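The values are calculated or read from the model by the stated rules, or taken from the named source; none is laboratory data. All values reported here derive from a predicted model rather than from experimental measurement. Methodologically, a virtual Cβ is constructed for each residue, glycine included, from the backbone with ideal geometry; neighbour enumeration extends over all protein chains shown. The area values use the complete protein model at the heavy-atom level, side chains included, leaving out ligands, DNA and RNA. Shrake-Rupley method; radii C 1.70, N 1.55, O 1.52, S 1.80 Å.
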Amino acid sequence: MDRTRDPFDLVVVGAGIIGTLVALLAKRHHPGWRIALVDRSLAGHGATLYSAFLDVPLGATPVRRALTERSRVLYQQLRAELPDLPLRDLPAVFLTSEARVQERLDGLVRDATSAPRRVDAAAALALAPPGFRSPEGMAVLGEVRAARCTGPTLVTTLLHAFLARPGSVCLEGVEVVRVSSEGDGSQRLTAHDGREWVARRTALCLGPWLGSARAALADVPRHWRVKKITALHVPVVPHPDAPVVYLLDDEAFLLPQPEHGRFLFSFRSEHWDCEPEASALRIDPPDQARARGILERYLDVRGLELGGRVFCDAYSADTDPSVEPLAAVPGAFAVGGGAGSGFRLAPALAERAVYALEAAGTGR
């Protein structure tokens, strides 16, 4: 990056799933742009490292529904373009109370691979975790295809595709500590070691740090909140063709991870306004109690030693992610607010960011 002092056409700060896709899609749209992807750690080792890497056709709000629909199209395109992309299909089933069946069907995306409908519970759950039971008064929705990442190499694969294009660079282990306006529509980025670069456009893809003290690097408005994202590792060996089981009324799901010999049980934590520092986060007793309270309605987990993972994400008031221009730094945008669904929504959100960055470069 130091070989030339000419401005970069785009600098992306944050090399998680969203930032890496912003860089890749921008390069695909504009092969001639000089683009730098910068991360204070290793690419994919922030919040993305803790992701469940699950894509299901579920959209709780109109914005999230539109992003889900578009992301599924873009993931299919990426899979065709990058045969090594470690994405695999799996069936998905959804449990909900009888009274909410139509509401839940309305919230599921219909596309070429999914036509959600009510299905027979016994057949749909035949390959669920051994001993899984559907409580009385619950309906089961199926005929849905989901996708999951089967390894930690997703961001690496996307990064290699980006770096294979001329004029692309990734700088790891460098923290951007300040983004300021140059007054001519460009931005000056200052690193922790004093290095500086000028960019015509800047995308801040900070993940949960959008709602943390780190957002002060570019005067990002503090209307995002940070919430803990928690999941337990349930040591029950899945069938190779096991579905992901979504417990909609409990805001939880059981994801088979046969490569690890377990299910991942993701559930909602109510721990808000934490700092995204992995060493300080734990699955605490209230989390454990909530998780077991949900699990025990469906599965006998007595006697099982449950480990897990915990990190956090940024949430807006309406849970919709966004591409937000920064008033204090023209040409710079804050991109994120995945609300725990960053992997599912990342391609479409990155595409929207690229469109906004294009417009910024032309003064629109």
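The table that follows gives values for the structure above.
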item: Given (1) among the polar types (S, T, N, Q); (2) at negative phi; (3) open to solvent by 40 Å² or more (accessible area, probe 1.4 Å), number of the condition SER322 does not satisfy; result: (3)
item: Matching entry among ARG118, ARG148 (being open to solvent by 60 Å² or more (accessible area, probe 1.4 Å) and basic (Lys, Arg)); result: ARG118
item: Long-range neighbours under 8 Å by Cβ, at least six apart or interchain, first residue free of Cβ contacts under 8 Å to residues at least 60 places away in the same chain and under 18 Å from ALA339 (Cβ atoms) within the stretch 248-272, second of a type in the set (Gly, Ala, Ser) and outside any helix (DSSP H, G or I); result: ALA252/SER266; PHE267/ALA231; PHE267/ALA252; ARG268/ALA252
item: Residue within the stretch 122-136 that is within 17 Å of ARG344 (Cα to Cα) and open to solvent by less than 80 Å² (accessible area, probe 1.4 Å) present; result: no
item: In the stretch 21-33, the residues that are crowded, with 20+ Cβ neighbours inside 10 Å and small (Gly, Ala, Ser); result: ALA23, ALA26
item: Failed condition for ALA215, given (1) assigned to a strand (DSSP E or B); (2) farther than 19 Å from VAL354 by Cβ; result: (1)
item: Restricting the stretch 34-70 to residues that are over 21 Å from LEU248 (Cα atoms) and in contact with a helix residue (DSSP H, G or I) (Cβ under 7 Å, 6 or more places away or on another chain), the residue that is surrounded by the fewest Cβ atoms within 10 Å (Cβ to Cβ); result: ARG70
item: LEU74 of a type outside the set (D, E, K, R), in contact with an Asp or Glu (Cβ under 9 Å, 6 or more places away or on another chain) and over 30 Å from GLU136 (Cα atoms); result: yes
item: Every residue from the stretch 13-70 that is farther than 30 Å from PHE94 by Cβ and among the aromatic types (Phe, Trp, Tyr); result: TRP33
